[in-house]
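Input: a single structure, listed below in structure tokens.
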Amino acid sequence: MTNLSMAPVPAPAGRGTEVTTETRPVRALLIGIAVAFLALFLLLPLGAVFVEAFRVGASAYFDAISEPDALAAIRLTLIVAAIAVPTNLVFGLAAAWAIAKFEFRGKSLLNALIDLPFSVSPVIAGLIYVLLFGAQGYLGPYLQSHDIQIVFALPGIVLATIFVTVPFVARELVPLMQEQGTQDEEAALSLGASGWQTFFRVTLPNVRWALLYGVVLCNARAMGEFGAVSVVSGHIRGKTNTMPLHVEILYNEYNFAAAFAVASLLALLALFTLIVKATLEWRYAGQIAASRRH
Amino acid sequence: MAGISGLALKRPSVIPGFGLAFGFALTYLGLIVLIPLGAMVVKAASLGLAGFWDIVTNPRTVAALRLSFVTSLIAAGINAVFGVVIAWVLVRYRFPAKRLLDAFVDLPFALPTAVAGIALTAIYAPNGWIGSWLAPLGIKVAYTPLGILIALVFIGLPFVVRTVQPVLEEFDREIEEAAATLGARRDQTIFRVVLPALIPAILTGFALALARAVGEYGSVIFIAGNIPYVSEIAPLLIVIRLEEFGYAEATAIGTAMLLISFGLLVFVHVVQAWRRRRFGND
Amino acid sequence: MNKHLRIITTAAALSLTAAAVPAFADTTLLNVSYDPTRELYKEVNAAFAKEWKEKTGETVTIEQSHGGSGKQARAVIDGLKADVVTLALEGDIDKVAESGLIDKDWRSRLPDASSPYTSTIVFLVRKGNPKSIKDWDDLVKEGVEVITPNPKTSGGARWNYLAAWAYADQKYGHDEEKNKEFVKKLYKNVPVLDTGARGSTTTFVQRGIGDVLLAWENEAFLALNELGEDKFEIVVPSLSIKAEPPVAVVDKNVDAKGTRKVAEAYLNFLYQPDVQKAIAKNYYRPAEPKYADAKDLARFPDVQLVSVDDPLFGGWKKAQPEHFADGAVFDQIYQPASTN
């Protein structure tokens, strides 16, 4: 079920006998349009990041990414992702288990709610946590009196990141687990396995590639989120700046090359994500959700 | 909900763990998503309907919402057209580096929006790679609504491609052959037979790209120019209102946008339900 | 997978603890400041940490947060735990004081009305001044693009706006309608409205947008310094504003954190002779010029400066609501004529 085997072989041009494909000039034109569009909108910006990053030279590049504030931003970004991704992974498994293995009232509503964070502006994701946990917010006085800091500190950044990445793992698992049905689990249970054994020995191995797929996408978004995090960060250098925010700060400090240097690390993360994603799609097409097998 | 009788929440099943999984998922969604969003709506509701209406019909808010929507609609439209072409090319033709191109389509999902923002600005600013070619022609891209459009096309690009691609792959070629046998020209087959079958997928992708574009912030603010009434998008206005101590305004605009995205989400689900009914499961 | 999950969770927990440890190791001050002071406080902070160590043996780390002044004040009100605020104008610190975090009489607690340095607004133009911009008049001409940030979020932008207003007032003989007309024409020429002064500088300097940047004097000098005098030059208008960026200890926060002593020492440190000298070196006008190098002072042009306390504005308590509140003058000048 790989990509190529599914693509039909176009007939030799000029015969006029092949009725289900276009003439060679039309094909060439369409391929040209597609390639040009992707090159203009995708390749060019990506190339720009690396060219601008190295504009001042390699040593400036490495200075920029090894400077203490940059390292602190990298560390914070890793910490945030290390919390947000596993949390959403557990949620994704729970939600998929409930939706795929059971029939219950309000199932389609739950399914729709999972998608909600995708269509909410990231800025709103930040705003709602300020409204709840800010000093002027609903829980502000309580948090103040107990000396708990949520917004403008790690917990706020983590919460905003979790919000925008809630759907990723669940989105991959729900359709796949629905496709797979419940026979495997029922068999395991009838053989005497406990619920948890069934989950860890049967269900998880069945969805492991889809899970990885979701985790990779979730991680990319978690590390790259800007809008939501920007609202709740407080922008304390070396402390509450994630990598995307650090990029913005450097950008605003005449430090163009450094901004693009840190940006290039994020671009590398994006490339890594794409490679893992494509590999999973090609290698394990049967084991990820149907909508991903192309 | 066939099969769930009486007052029961779920249909009986031998598989355990419903309570735990469902309870956890719902609590999690509630704490992370629903209660915080609810807090915003409650805050907006405390303005009263008249107060809320005053804010969302304030000319600057209207201008920002209109700008966000119009540019997002155009961007989603552009992505719908080119998305179908790209999906078509990726599914139907063979050419060098096709796999690479296919994988690359998802770049906007993987690339942080702030990175996209500064990269696009570097390209389209008047002294940028492309901007410096356009500037002598009197075409300004960065710091105008056109720049916003470019950023929104970038971030929305994968949606239509990725919704159309699987449908096109499973499209029965025999139908095309049948149409050709019955004497239809190739263009007639495509526009009368193939495209109509793709419409639900295109609409879904279009709506998803639209929803994403309307809320987009990171990639746009670097390239937009941020002039009130001209190039100030709604999410930026929320941030500005917040920074001006205007919590009421920020929540009101946020709630208005939330209602709109909720509408889009419902639209997507309706289209998908319609597609399932009309075309079978995907 | 079970094992993997456990590993991930443990890793997350470990990295969390690792992140939390240094925060408790020594005293930390958070200085929430406005945009262009990044370079200044980098220098001041290092000097203060050194002096504090010598004097008390304690290690103090000063963390910085920079952004548009109004936005920074908002963050502090919303719970950003600043020990000291060093903002662009009095009005923003007043806002923080109104929320109860700072004593109402904060301005009288330090010398020179709590402004250890002042500055003014000048024009930065491209080399050779191709549009021959000499004074505020030239900014309202057809075809001149002016770069200035959003006064709603940036303190510097409010000083820019008031300087233009003061010029118009003098020129048109105190006619408020004409002043309004003047600033309206000026903002018509603004193609990009950034949220902070630093964003505007980047737009002008890096992106090549606009003919003239309304900038803090220190920001304009810094741009010349960083990017070469062969690209830009400074034009000093006939009249400008006396910008007094104040500083204050955030009482509630320092009392909660037990950092009052070091926070107060930090702000007092700004008035010390060698710091005043450093302030002048960083292109801010020192409150005590006598400590500064003569050659640093010589760089500041002589210009007629109007204070916000001038009857024309009546101080920030009056100017802020009159010009920058919702629906006030600044909002009016941006509304399209049809809806006005």
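Filter the helices (runs of 4 or more DSSP H) completely within segment C:35-126 down to those with at least 2 residues that are touching a helix residue (DSSP H, G or I) at 6+ places or on another chain (Cβ under 6 Å) and within 14 Å of chain A (Cβ to nearest Cβ).
Result: C:69-77, C:90-98.
Which members of segment A:45-66 meet the condition of being of a type outside the set (V, I, T) and crowded, with 18+ Cβ neighbours inside 10 Å?
A:P45, A:L46, A:A48, A:E52, A:A53, A:Y61, A:A64
I'd like to know if segment C:175-184 contains one or more residues that are out of contact with any Phe, Trp or Tyr (no Cβ under 8 Å at 6 or more places or on another chain), buried (at least 18 other Cβ atoms within 10 Å of the Cβ) and not acidic (D, E).
no
Could you identify the single residue in B:L111, B:L90, B:L120 that is aliphatic (A, V, I, L, M), crowded, with 22+ Cβ neighbours inside 10 Å and in contact with an Asp or Glu (Cβ under 7 Å, 6 or more places away or on another chain)?
B:L90 is the lone residue from the list that is aliphatic (A, V, I, L, M), crowded, with 22+ Cβ neighbours inside 10 Å and in contact with an Asp or Glu (Cβ under 7 Å, 6 or more places away or on another chain).
Looking only at segment A:243-276, count how many residues are crowded, with 21+ Cβ neighbours inside 10 Å, of a type outside the set (A, V, I, L, M) and within 18 Å of the chain's Cα centre (by Cα).
Here the count works out to 3.
Please go through segment B:75-104 and pick out each residue that is assigned to a loop (DSSP other than H, G, I, E, B) and either out of contact with any helix residue (DSSP H, G or I) (no Cβ under 8 Å at 6 or more places or on another chain) or more than 7 Å from chain A (Cβ to nearest Cβ) (or both).
Across segment B:75-104, the qualifying residues are B:P96, B:A97.
Given segment B:106-178, what helices (runs of 4 or more DSSP H) lie entirely inside it while holding 3 or more residues that are within 11 Å of chain A (Cβ to nearest Cβ), under 30 Å from B:Q188 (Cα atoms) and under 15 Å from the mean Cα position of the chain (by Cα)?
B:145-169
Please pick out the residue among A:L76, A:L38 that is at the interface with chain B (Cβ under 7 Å from one of its Cβ atoms), crowded, with 19+ Cβ neighbours inside 10 Å and of a type in the set (A, V, I, L, M, F, W, C).
A:L38
Kindly indicate whether any position in segment A:183-201 is in contact with a helix residue (DSSP H, G or I) (Cβ under 6 Å, 6 or more places away or on another chain), assigned to a loop (DSSP other than H, G, I, E, B), among the hydrophobic types (A, V, I, L, M, F, W, C) and modelled with pLDDT of 90 or more.
So far as segment A:183-201 goes, no, none of its residues is in contact with a helix residue (DSSP H, G or I) (Cβ under 6 Å, 6 or more places away or on another chain), assigned to a loop (DSSP other than H, G, I, E, B), among the hydrophobic types (A, V, I, L, M, F, W, C) and modelled with pLDDT of 90 or more.
Looking at A:L274, A:L268, A:L280, A:L250, which one is among the hydrophobic types (A, V, I, L, M, F, W, C), free of Cβ contacts under 8 Å to residues at least 12 places away in the same chain and more than 8 Å from every other protein chain (Cβ to nearest Cβ)?
A:L268
Would you confirm whether or not segment A:205-224 contains a residue that is within 23 Å of the chain's Cα centre (by Cα) and among the polar types (S, T, N, Q)?
yes
This table checks each residue for (1) modelled with pLDDT of 90 or more; (2) closer than 30 Å to A:T279 by Cα.
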residue: B:V105; (1), (2): yes, yes
residue: B:A110; (1), (2): yes, yes
residue: B:P126; (1), (2): no, no
residue: B:I130; (1), (2): yes, no
residue: B:W133; (1), (2): yes, no
residue: B:I139; (1), (2): no, no
residue: B:I150; (1), (2): yes, yes
residue: B:F171; (1), (2): no, yes
residue: B:A184; (1), (2): no, no
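Considering segment B:204-249 alone, what residues qualify as being under 20 Å from the mean Cα position of the chain (by Cα) and basic (K, R)?
B:R212
Which ones in segment C:136-150 are surrounded by fewer than 24 Cβ atoms within 10 Å (Cβ to Cβ) and within 12 Å of chain B (Cβ to nearest Cβ)?
Within segment C:136-150, just C:E145 meets the criteria.
Kindly evaluate B:L9 against the criterion of being surrounded by 15 or more Cβ atoms within 10 Å (Cβ to Cβ) and either over 25 Å from the mean Cα position of the chain (by Cα) or modelled with pLDDT under 90 (or both).
When the stated conditions are applied, B:L9 does not pass them.
The values are calculated or read from the model by the stated rules, or taken from the named source; none is laboratory data. All of these numbers come straight from a predicted model, not from anything done at the bench. FYI the Cβ positions are ideal-geometry reconstructions off the backbone, even for glycines, and counts take in every protein chain you see.
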